[in-house]
1. Share of antiparallel DSSP beta bridges in the chain, in percent to the nearest 5?
2. Skip the ligands, DNA and RNA, and give the accessible area per residue of the chain with a 1.4 Å probe, whole Å².
3. Under a 5 Å amide H to amide H cut-off, with H placed in plane at 1.01 Å, what residues pair with E116 once short-range neighbours are removed?
4. Taking all protein chains in place and a 1.4 Å probe, what share, in percent, of the accessible surface of the chain do carbon and sulfur account for?
5. Could you list which residues have their amide H under 5 Å from that of Y75, counting only those 5 or more apart in sequence or on another chain, with H placed in the peptide plane?
6. Express in nm, to one decimal, how much length is gained between D52 and E27 on full extension, taking 0.36 nm for each residue of separation and deducting their alpha carbon distance.
7. Please label the shape of the range 1-69 as rounded, prolate or oblate, based on the square roots a ≥ b ≥ c of the eigenvalues of the alpha-carbon gyration tensor (a/c under 1.5 means rounded; beyond that, a/b larger than b/c means prolate, else oblate).
8. Run the reach check for K45 against aspartates and glutamates, Cα to Cα strictly under 19 Å, same-chain hits fewer than 8 apart removed. What comes back?
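The values are calculated or read from the model by the stated rules, or taken from the named source; none is laboratory data. Computed from a predicted model, the values in this text were never measured in an experiment. We place every Cβ from the backbone using ideal geometry, glycine too, and count neighbours over all the protein chains shown. Keep in mind that these areas ignore ligands, DNA and RNA; they rest on the heavy atoms of the full protein, side chains included. Shrake-Rupley method; radii C 1.70, N 1.55, O 1.52, S 1.80 Å.
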Amino acid sequence: MINRELAERIERSARPVVASMGFELVEVVYQGGPAHGIARLIIDKPGGIGHDECESVSRIVGTQLDIEELVPSSYTLEVSSPGLDRRLKKPEEYDKYRGRTAKIKAGGDVYIGRLEGLDGGCVAVRLNNGEARRIPLHEVRETQLVVEVGGTTGQKR
């Protein structure tokens, strides 16, 4: 079984449990080989995630995964928050994070500006120079929120 398939199985099992605890399951990644792997769950909620919440999810989901025997080898379960500089994975997140500064990689270009949401299949962004851009979502390779401190971005280029 390849890692992506295993991550999808873990996600199907963990998603309802995480939701019942009041959290969003943002992403599941599985890395490793046949002898040992690492299952990473990224969780979130409005206002952010704390250490105790990650620990609770780890304990409950870990028990469930062990009972269901979804992972065919020994593994480590890591649960964390997406962080302030989270990557956007789903189209609806462009509206959710409207007004936040983001770094968008599309084609061979990198755009940095304030998200204005998703509009007709395009990411609408107001670049730092004031220019409005619409980037077709299918061309976006990666979008990451930029940490802002005191009105300025903490972004390196």
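1. Antiparallel bridges: around 80 percent, rounded to the nearest 5.
2. The answer is 57 Å² per residue.
3. The answer is G99, A124, V125, R126.
4. Numbers: 4460 of 8950 Å².
Percent of accessible area from carbon and sulfur atoms in the chain: 50.
5. Result for Y75 returns G37.
6. Details: separation 25, 0.36 × 25 = 9.00 nm, distance 1.90 nm.
That pair, D52 and E27, stretches by 7.1 nm at full extension.
7. prolate
8. Within reach: E11, E24, E27, E53, E55, E78, D85, E92, E93, D95.
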